[in-house]
1. Would you please give the residues with an amide H less than 5 Å from that of residue 241, counting only those at least 5 places away or on a separate chain, with H modeled from the backbone geometry?
2. List the residues of segment 33-76 whose backbone N lies under 19 Å from a point placed 7 Å from the Cα of residue 276 along the Cα-to-Cβ direction.
3. How would 74, 67, 98 rank on accessible area, largest to smallest, probe 1.4 Å?
4. Taking the Cβ of residue 45 as the center, what net charge do the other residues with Cβ under 14 Å away carry, scoring Lys and Arg +1 and Asp and Glu -1?
5. Can you list which of the GluC sites (Glu not before Pro) found in segment 1-51 are DSSP loop residues with at most 13 other C-beta atoms within 10 Å?
6. If I take R0 = 30 Å and measure r between the Cβ atoms of residue 374 and residue 204 in this structure, what FRET efficiency does the formula 1/(1 + (r/R0)^6) give, to the nearest 0.05?
7. Could you give the length gained on full extension between residue 212 and residue 343, defined as 0.36 nm per residue of separation minus the Cα-Cα distance, in nm?
8. Hey, what's the chain come to in accessible area per residue, 1.4 Å probe, Å²?
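The values are calculated or read from the model by the stated rules, or taken from the named source; none is laboratory data. Just so it is clear, the structure is predicted and the values come from calculations on it, not from any experiment. Ideal geometry is used to build each Cβ from the backbone, glycine not excepted, and the neighbour counts take in all protein chains shown. When the accessible area is computed, the model is the full protein with side chains, heavy atoms only, and any ligands, DNA or RNA have been set aside. Shrake-Rupley method; radii C 1.70, N 1.55, O 1.52, S 1.80 Å.
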Amino acid sequence: MTELLTTHAADLPGAVALVAHGEQVEAAAVGSADAEGTVPMARDSLFRIASLTKPMTAAAVLLLVDDGVLKLDDPIARWLPELAAPVVVRTPGGPVDDVVPAVRPITVADLLTFRCGYGLAADMTLPAVDLLLQVLGHPAAAPRGLSPDEWLAALAQVPLLYQPGQAWLYDTGSDLQGVLIARVTGRPLPEFLAERLFEPLGMADTGFAVPTAALGRFTSAYRRRDGGFRLIDSPEGRWSTPPKFPSGSAGLVSTADDLLAFARFLLAGGTIGDHRLLRPESVRRMTTDHLTPPQRAAASPFLHGAGWGHGGAVDVEPKEPWEVAGRYGWVGGAGTAAHLVPSTGTVTVLLTQVELTSPDPTPLMREVWTYAAN
């Protein structure tokens, strides 16, 4: 796999890839972790994993469902009263002041399936989506400058693009899940995730900030520009201190082996060793498609024909060599990807430092997935 990564050396400052088939694990690290090219990339290098945060946030919501603290059909207004009376634009392309009341409350399940009415659509110029971005800022800017309470108060001023349950919309549902977890538990999201998920799974390098002692393993982040790379965040940058808004959508940093631990936890039906964290039913909910065919079709610019479980996409039909019915995972805008295949026990992780320019997977992602499928 090192050779595969090396063929893309001109396209990336550095990368870490991992493929596991059961207990057999192959990993490779190439290139440099820092802007000066002085720190070699390593298997334990830390990356901003962006939207690979989403499956972990969804798992945390389901921990509360398993605890009996939440029910999937609970209206979220019980804990998020700011959203007790949402309004919906009369037509998706219509003005944001032409609204009607929501026909029913937003539920916990709506957040998990990304059908809460808030989020990014294939057409980012729709007035309600444009207002959402104006009020909250683009997700790529996370961690955001608002506190969770301020963020939710701002969101409450934006109308829903669709009625609850009607359509799949990207991203905002995960941030709402994170705020919901904090409100329900009375604890900050980072604290709850660390105690209930990361510590039991041995994910010691996963969190919303990088400790000073680990900054030497933290990679720089880049954006493509003029045929090269522009540094957009250094190890001493935004993730060196705890964020004001711990984003349940895209706020985590992690390593390849921590992501492998999380994937194995799901493959084991919610257990780690002899200890059960999630019920098998909850894991099945995470990794089962909940969308209707029309909803999948409308979401194709993001999902490329896949469905959506909780926190990640679910393949529903094989179109590519790596696609297997039930394959679960997601791609992060920071240039990251992690997937698991329940039927084969296969796990793939790819971590790079360069922001994606579209929702389409990169050629390297496709090659790593093809490599794992052979």
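1. The list, which skips near neighbours in sequence, is 210.
2. So the set is 59-72.
3. Values: 74 25, 67 80, 98 55 Å².
Reading off the accessible areas and sorting them downward yields 67, 98, 74.
4. Working: positive: 43, 48, 217; negative: 34, 44, 205, 257, 258.
With Lys, Arg at +1 and Asp, Glu at -1, the neighbours total -2.
5. Working: sites: 3, 23, 26, 36; in loops: 23, 36.
When the GluC sites (Glu not before Pro) of segment 1-51 are filtered for loop state and at most 13 Cβ neighbours within 10 Å, 23, 36 remain.
6. 0.40
7. Values: separation 131, 0.36 × 131 = 47.16 nm, distance 4.01 nm.
That works out to 43.2 nm of additional length.
8. Values: 14790 Å² over 374 residues.
So the chain comes to 40 Å² accessible per residue, rounded to a whole number.
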